[in-house]
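Read the structure below first, then the notes.
The values are calculated or read from the model by the stated rules, or taken from the named source; none is laboratory data. Here the structure is a predicted model, which is why all the values come from computation and not from measurement. For neighbour counting, all protein chains shown are included, and Cβ atoms are generated from backbone atoms with ideal geometry for every residue, glycine included. Protein only, heavy atoms only, side chains kept; ligands, DNA and RNA dropped before computing areas. Shrake-Rupley method; radii C 1.70, N 1.55, O 1.52, S 1.80 Å.
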Amino acid sequence: MKLYFAPLEGLTGYIYRNAYEKHYGHIDKYFAPFTSPADKCAITPRDRKDLIPDNNKGIFLVPQILTNRSDHFIDALKELNSFGYKEVNLNLGCPSGTVCAKGKGAAFLTEPEKLRDFLEDIYSFSENQGSSVSIKTRLGYKDCEEFRRLLEIFNEFPISELIIHPRIREDFYKGTPHREYYHYALDNAKVPLVYNGDIRSKDDYDSLCQEMGQNIDTVMIGRGLLAKPSLSEELQNGNTASDNTRFWKFHDELYEEYKKVMSPDINVLYRMKELWTYWSVSFEDIEREKKHLLKAKKCIDYEDAVNRIKGKT
């Protein structure tokens, strides 16, 4: 099985990716949080820092582009090619209100003919450049049935991989994924497929395969890997044993690396607190310590709360 780490904006940047690879690994591809090109800036300085090869040594990184303009996509692809990237990903799944208000992400799915013209432009260019382009998509915007027409369009192009999150935009990340449409894709897609959505354990993966009637060779996971970093090893090797020592080494490295590049304390703590919204589900009886941690405004207070949690594990 091939395992991909989904991008989460603000969380899975190069510091997180490098620490995760060092302490957990078993990831075949990491996907970077999206970069959104504009007229005068194909890639922002902040995104460039996240994507430069020197900050991503030893991992297979796929940059992700969010746009509904083919000229902007091509400008970004050119710059990414200059960094050495030969594979990029198009984001057609982001459900964010600010993104969709601009007709990007999942909102682009509401204009299938415009999307088709866009894909015609970018694949004509990428093939000439020797670059591959994968797509991460939802089933549609308001209705799952939109996916049937979308898949017809996707089948027209040399998509390196079609990553399907089987929800519509209005689902956001709630409710049960509409997996019957992934099954439809398995029967009708002419491009390689990747499943994405609600895999948090080996049992979840096994249930997916049973439901699809076949082994799913490639999966992308985001929130499940954030909440349970050891999930990659569980899926790849069947190892379900918890390892708090390794988690704390991972945590401490992240914390120290964030302190090197962020200031003042509150910015570091904002990042760590956001990660704890995922991590805390793996710890029992830490409500008091978690409350203290989330209230921390200085690093010394955060460290005190963390040490209390360590003492319980």
**OP:** Treat every Asp and Glu Cβ in the stretch 213-290 as -1 and every Lys and Arg Cβ as +1, leave all other atoms uncharged, and give the resulting dipole magnitude about the Cα centre to the nearest 20 debye.
**Re:** 220 debye
Original post:
What is the calculated FRET efficiency for Glu303 to Asn55, with r their C-beta to C-beta distance and R₀ = 35 Å, to the nearest 0.05?
Top reply: 0.85
**OP:** Mind giving me the nanometre distance, one decimal, between the label points for Asp204 and Asn81, set 7 Å out from Cα along Cα→Cβ?
**Re:** 3.8 nm
**OP:** For Phe283 and Gln129, compute 0.36 nm times the residue count separating them, minus their Cα-Cα distance, and round to one decimal in nm.
**Re:** 50.6 nm
Subject >> Sum of -39500 (n - 2.57) over DSSP H runs of 4+, divided by residues of the chain (222 nm, nearest 500) >> reply: -14500 deg cm²/dmol
Subject >> Extended-chain gain in nm, criterion 0.36 nm per residue less alpha-carbon gap, Asp265 and Asp117 >> reply: 48.6 nm
Original post:
Which value, in debye to the nearest 20, gives the size of the charge dipole of the chain about its Cα centre, when Lys and Arg are +1 and Asp and Glu are -1 at the Cβ?
Top reply: 1040 debye
Original post:
HN-Hα J couplings of the stretch 218-230 from phi, Karplus 6.51/-1.76/1.60, θ = phi - 60°, integer Hz, Gly and Pro as x?
Top reply: 9, 10, 10, 10, x, 4, x, 6, 5, 5, 9, x, 6
**OP:** State the percent of C-alpha pairs, over all pairs in the stretch 143-251, separated by a distance greater than 20 angstrom.
**Re:** 46 percent
Original post:
Which whole-percent values make up P(r) of the stretch 68-172 when all C-alpha to C-alpha distances are grouped in 10 Å steps starting at zero?
Top reply: 15, 50, 30, 5
**OP:** Treat each spin label as a single point 7 Å out from the Cα along the C-beta direction, and report the Glu257 to Asn244 distance in nm.
**Re:** 2.4 nm
Subject >> GNM top mover of Leu61, Leu150, Leu275 - the chain, alpha-carbon springs below 10 Å >> reply: Leu275
Original post:
Of Phe34, Phe118, Phe283, which is the most mobile in a GNM of the chain whose springs link Cα atoms less than 10 angstrom apart?
Top reply: Phe283
**OP:** Assuming R0 = 51 Å, can you tell me the calculated FRET efficiency for the pair Lys312 and Asn155, based on Cβ-Cβ distance, to the nearest 0.05?
**Re:** 0.45
Original post:
Could you give P(r) for the stretch 1-138, binned at 10 Å from zero, as whole percent values over all Cα-Cα pairs?
Top reply: 12, 44, 35, 9, 0
Original post:
How much accessible area per residue does the stretch 1-80 have, in Å², with a 1.4 Å probe?
Top reply: 40 Å²
**OP:** Just list whichever of Lys57/Lys260; Lys49/Lys273; Lys2/Lys49; Lys142/Lys202; Lys29/Lys78 have alpha carbons separated by over 29 Å in the model shown.
**Re:** Lys142/Lys202
Original post:
To the nearest 20 debye, what is the magnitude of the charge dipole of the stretch 80-227 about its Cα centre, counting +1 on the Cβ of each Lys and Arg and -1 on the Cβ of each Asp and Glu?
Top reply: 520 debye
Subject >> Whole-percent pair-distance distribution, where bins are 10 Å wide, for the alpha carbons of the chain >> reply: 6, 26, 33, 25, 10, 1
Subject >> Under 9 Å, Cβ to Cβ, from Ala32 - net charge with Lys/Arg +1 and Asp/Glu -1 >> reply: -1
**OP:** Whenever you get a sec, compute what percent of the accessible area on the chain sits on carbon and sulfur atoms (1.4 Å probe).
**Re:** 46 percent
